[in-house]
Amino acid sequence: MQLQARVLCKRSPDFFTINTLGMETILNIPVHKAETVATHQYDLNKLPFGKVPTSHLFLARYSAGEWADARIEPFHKLSLSPFALCFHYGQTVFEGMKAFRMHDGNISIFRPAKHHERFNRSLERMGMPHVPYELFLEGMRLLIATDAEWTPDSPGAALYIRPFVIATEERLGVKISDEYLFLIVCTPVGPYYARPIRVRVETNYIRAAEGGTGYAKCGGNYGGALLPTKEALDAGFDQVLWTDAGRKEFIEESGTMNVMFIIDGILITPPVSSTILDGVTRDSILALARDRGITVQERLISYHELEAAFGQGLRVEAFGAGTAAVVAPIESVTIGERTYNCYLAADAAMYAFKTELEAIRAGNQEDPHGWNEVVVCN
Ligand code: COI
């Protein structure tokens with residue numbers, strides 16, 4: 001199987017072109033503009049998460065071992081055969097990213113190279129072809145430039161970017177697809193959670209097992225989590241705290257986010273592994289914490305350790321970290337029949353991480369790690 005896709009170098013209006021010989025990469029992606037752009041119908045700073053698409057989408061097709069036919073088109077529905085493999089055997093992979101309106105009006109994407117690396121790791125795990133970085137970034141840049149007026153400008157709001165690849169070969173036989181669509185769609189978003197969340201430790205269902213697909217952003221990981229999450233919601237919680245598949249003791253993730261605890265001033269988070277997503281927000285917060293001189297421990301943490309910390313009356317901050325939610329403060333953790341309250345006062349460190357991330361993204365604070373990729377200049 002060919003995992004590393006070759007990029008077409010045709011100079012035709014229907015194809016993107018890449019000049020890999022020089023230092024400069026030239027992509028020529030045609031843009032078919034929508035006749036009307038409906039941003040005025042919405043308050044971009046107050047939309048529910050993921051409801052309203054922007055006016056355009058990016059699309060490229062993969063067949064015969066090559067990505068081709070890249071284009072920007074007015075947002076539209078897809079027409080796929082019911083035989084398309086993505087409907088049956090789960091070859092679907094996505095990323096979750098954000099673009100931000102900066103204080104000078106420019107628009108930047110947050111850490112696209114790190115997201116792209118993870119995208120390709122997920123694709124590889126699902127037997128799907130890599131997407132070249134030039135295609136990923138240039139398609140995204142062009143889409144965001146075309147839909148620039150959809151990028152909100154209030155603190156905490158952003159343009160959420162959803163790149164994804166689906167298997168489109170028309171076959172009911174179980175096989176790796178030979179054909180794919182790569183799409184990028186965007187939606188303006190505000191905060192994911194309106195208030196601090198209540199979580200319960202899940203020891204019945206598991207999200208991922210070693211050697212499985214837990215580290216990949218494939219659709220099945222999220223589909224399998226829906227029923228346990230519904231049961232938690234029905235019981236009055238907002239999310240589950242996943243535990244490991246073996247002993248069901250070690251905390252892995254919270255819902256669709258990485259999870260962090262600050263116990264007595266030490267930031268503890270489970271290490272990335274084959275069962276835990278290598279979160280970009282996770283990595284960014286760890287960097288900010290280290291910059292501030294906070295001790296960071298990437299290690300296993302069991303719910304027994306949490307119980308003990310709460311029991312000793314230690315100050316325990318807990319929060320989810322993810323692209324969509326950024327920092328999601330956890331109000332309480334329920335372990336079995338007991339509920340423990342987490343530290344939520346205004347001086348909690350998690351708020352400082354969120355504020356600092358927002359300031360870097362808006363260009364109000366230095367970007368020492370070079371995380372912002374400015375893609376649209378005012
Ligand atoms: C993200 O944070 O981007 C995620 O992947 C969560 C999402 C499923 C809404």
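The values are calculated or read from the model by the stated rules, or taken from the named source; none is laboratory data. Here the structure is a predicted model, which means the values were calculated and not measured. A quick note on method: Cβ atoms are made from the backbone with ideal geometry, for glycine too, and the neighbour counts reach across all protein chains shown. The accessibility values were calculated without ligands, DNA or RNA, using every heavy atom of the protein model including side chains. Shrake-Rupley method; radii C 1.70, N 1.55, O 1.52, S 1.80 Å.
In this entry, I266 is excluded by the filter for residues that are in contact with a helix residue (DSSP H, G or I) (Cβ under 9 Å, 6 or more places away or on another chain) and either assigned by TED's automatic domain parsing to the domain that holds A216 or open to solvent by less than 50 Å² (accessible area, probe 1.4 Å) (or both). Taking each residue of segment 320-339 that is farther than 14 Å from V199 by Cβ and touching a residue at least 40 places away in the same chain (Cβ under 8 Å) and looking for partners that are within 12 Å of the ligand (Cβ to nearest atom) and β-branched (V, I, T) with beta-carbon atoms closer than 8 Å, six or more apart or interchain, yields T323/V280; T323/T281; A324/V189; A324/T256; V326/T281; V327/T281. The residue that is surrounded by the fewest Cβ atoms within 10 Å (Cβ to Cβ), counting only those in segment 137-157 that are part of a loop (DSSP other than H, G, I, E, B) and of a type in the set (S, T, Y), is S154. Considering only residues of segment 78-90 that are more than 30 Å from V376 (Cβ to Cβ) and among the hydrophobic types (A, V, I, L, M, F, W, C), which is farthest from the ligand (Cβ to nearest atom)? Ranking the qualifying residues of segment 78-90, first place goes to F83. Restricted to segment 202-216, and to residues there that are open to solvent by 20 Å² or more (accessible area, probe 1.4 Å) and within 15 Å of the ligand (Cβ to nearest atom), the residue that is farthest from V259 (Cα to Cα) is T213.
Just checking, does segment 253-273 include any residue being over 19 Å from I330 (Cα atoms) and of a type in the set (V, I, T)? Yes: one or more hits. For segment 40-77, which residues satisfy the criterion of being touching a residue at least 40 places away in the same chain (Cβ under 8 Å), more than 16 Å from the ligand (Cβ to nearest atom), in contact with a strand residue (DSSP E or B) (Cβ under 9 Å, 6 or more places away or on another chain) and open to solvent by 20 Å² or more (accessible area, probe 1.4 Å)? Matches in segment 40-77: Y42, L44, N45, R61, S63, E66, D69, R71, E73, P74, F75.
Criterion first (within 16 Å of the ligand (Cβ to nearest atom) and either assigned to a loop (DSSP other than H, G, I, E, B) or of a type outside the set (S, T, Y) (or both)) does R162 satisfy it? In short, yes. If you go through segment 166-192 and pick out every residue that is open to solvent by less than 10 Å² (accessible area, probe 1.4 Å) and under 14 Å from the mean Cα position of the chain (by Cα), you end up with 3. Of the residues in segment 209-229, none is under 30 Å from Q365 (Cβ atoms) and not charged (D, E, K, R). Taking the stated definitions as given, is E134 away from the ligand (no atom under 16 Å from the Cβ), open to solvent by 30 Å² or more (accessible area, probe 1.4 Å), farther than 30 Å from G363 by Cβ and not in a loop (DSSP other than H, G, I, E, B)? Judged against the criteria, E134 is not a match. Hey, can you tell me all the residues within segment 176-199 that are outside any loop (DSSP other than H, G, I, E, B), within 30 Å of T151 (Cβ to Cβ) and either away from the ligand (no atom under 12 Å from the Cβ) or among the hydrophobic types (A, V, I, L, M, F, W, C) (or both)? Y180, L181, F182, L183, I184, V185, C186, P188, V189, I197, listed by residue number.
The strands (runs of 3 or more DSSP E) found wholly in segment 33-96 and carrying at least 1 residues that are among the aliphatic types (A, V, I, L, M) and within 12 Å of V185 (Cα to Cα) occupy 56-63, 66-74.
Residues in segment 91-109 that are open to solvent by less than 30 Å² (accessible area, probe 1.4 Å) and either modelled with pLDDT under 95 or more than 16 Å from the ligand (Cβ to nearest atom) (or both): 6 in all.
With the structure loaded, tell me whether A289 is under 21 Å from the mean Cα position of the chain (by Cα), over 20 Å from R207 (Cβ atoms) and of a type in the set (A, V, I, L, M, F, W, C) or whether it fails that test. Here the answer is yes, as A289 does meet what is asked. Pick from segment 250-267 the residues that are touching a Phe, Trp or Tyr at 6+ places or on another chain (Cβ under 6 Å) and farther than 14 Å from A349 by Cα: which of them is farthest from the ligand (Cβ to nearest atom)? If we take residues in segment 250-267 being touching a Phe, Trp or Tyr at 6+ places or on another chain (Cβ under 6 Å) and farther than 14 Å from A349 by Cα, then E252 is farthest from the ligand (Cβ to nearest atom).
Using the structure shown, decide if E179 is touching a helix residue (DSSP H, G or I) at 6+ places or on another chain (Cβ under 9 Å), touching a residue at least 12 places away in the same chain (Cβ under 8 Å), under 17 Å from T229 (Cβ atoms) and of a type in the set (D, E, K, R). The answer is no for E179. Annotation note: of E253, E249, the sole residue that is of a type outside the set (G, A, S), within 19 Å of the chain's Cα centre (by Cα) and in the same structural domain as G336 (by TED's automatic domain parsing) is E253.
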